Amino acid sequence: MAAAVASKPDILLYTNHGCPWAHRAHIALNELGIDFKEEIIDLDRPRDPWYLEINPRGLVPSISYNGTILTESAVVSQFLADAHESHLLPASTGSVDNALFRARVAFFVDTYITKVLPHFFGSLRAQSPEDKQKAGEDLVAAVVKEVEPLFTWDASKGAFFGGHSKPTLAEVQTGPFILRLLAHAKPEYDLLSPDLLPQLQQQAPKFKAWADAVVQLPSVTSIFDEKKVAERTKASIWNREITSDVDCDEISIRILVQVKSLLFYVTFAFDLVVPLLCYF
């Protein structure tokens, strides 16, 4: 487990409950059982000067931990898991097995964020039923190719990453996006292909079973207003705006989601531009 801190920290989280990147910090803090205060940042207007002094990029989340400011969701979540002994991660030193587990978590998260998440954003921008169907098939194909093979453990021992009975940092870092994937795929929202969930169940059953377990976690659902987020996402798509779902953290994703052609987006922008822009 990660090393424990000596005393109860003073934590102020700068966040927005509609932002999936900021959502990561909420999941981590809830899983760790740490008390914290929060300051809601309005993402629908220019950032106040006082917040730009805290985070010059103007993104969320940012966190003040005993007076020290940390920014970017992956950094914040990793720090919290490392600073507080828990089920999220084993200690970083003293064991090759621990190091391997941490490496596998990092690879799993990176794979989902870089190989699957772009297809999710692309699917949200699909307009016609035919485009939604094709985008959904591409998303499922990415899960089947990139993520499903990573589920090598015996899930009967535990529903979460590595066969654990409690969530790990893998669930912290991917949970907000898994939650939105399964929620937005519900037919009542008409955001994604209606065949998406059945296709995932059929073609990527291990991933789907894991995802179903993730979205049942209280730490994952605690700040998520499903209907509100879905309606906001739909309105933003029709208005051709970048929503708070992406305009809040991870500058590379925020740029790439604006690319109209998913093929161009994946083969060129992602392969060539993201390595230069990725900040997390």
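Quick check on segment 48-70: of everything there that is touching a helix residue (DSSP H, G or I) at 6+ places or on another chain (Cβ under 8 Å) and closer than 21 Å to PRO20 by Cβ, which residue is surrounded by the fewest Cβ atoms within 10 Å (Cβ to Cβ)? Lay out the reasoning, then the answer.
Quick first cut of segment 48-70, residues touching a helix residue (DSSP H, G or I) at 6+ places or on another chain (Cβ under 8 Å) only: 57-65, 69-70.
If we keep only those that are closer than 21 Å to PRO20 by Cβ as well, we get 57-63, 70.
Values: ARG57: 13, GLY58: 16, LEU59: 26, VAL60: 32, PRO61: 28, SER62: 25, ILE63: 29, LEU70: 17.
Looking at the filtered set, the residue picked out is ARG57.
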Problem - Unique match (being touching a Ser or Thr at 6+ places or on another chain (Cβ under 7 Å) and either of a type in the set (D, E, K, R) or more than 27 Å from ALA91 (Cα to Cα) (or both)) among LEU196, LEU192 - result: LEU192
Problem - Qualifying positions in segment 38-54 - part of a loop (DSSP other than H, G, I, E, B), out of contact with any Lys or Arg (no Cβ under 8 Å at 6 or more places or on another chain) and not acidic (Asp, Glu) - result: LEU43, ARG45, PRO46, ARG47
Problem - Inter-residue pairs, beta-carbon under 6 Å, first in the same structural domain as ASP110 (by TED's automatic domain parsing) and in segment 134-158, second assigned to a loop (DSSP other than H, G, I, E, B) and exposed (fewer than 15 other Cβ atoms within 10 Å of the Cβ), 6+ apart - result: GLY158/SER165
Practice task
For segment 90-108, indicate whether the set of residues that are crowded, with 17+ Cβ neighbours inside 10 Å and either in contact with a Cys (Cβ under 9 Å, 6 or more places away or on another chain) or not assigned by TED's automatic domain parsing to the domain that holds ASP190 (or both) is non-empty.
Solution key: yes
Problem - 1 or more residues hydroxyl-bearing (Ser, Thr, Tyr): qualifying helices (runs of 4 or more DSSP H) within segment 165-223 - result: 169-184, 218-221
Exercise for the section: Looking only at segment 5-23, decide whether some residue is small (Gly, Ala, Ser) and touching an Asp or Glu at 6+ places or on another chain (Cβ under 6 Å). Expected result: no
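The values are calculated or read from the model by the stated rules, or taken from the named source; none is laboratory data. Since the model is a prediction, treat every value here as computed from it, not as a measurement. For neighbour counting, all protein chains shown are included, and Cβ atoms are generated from backbone atoms with ideal geometry for every residue, glycine included.
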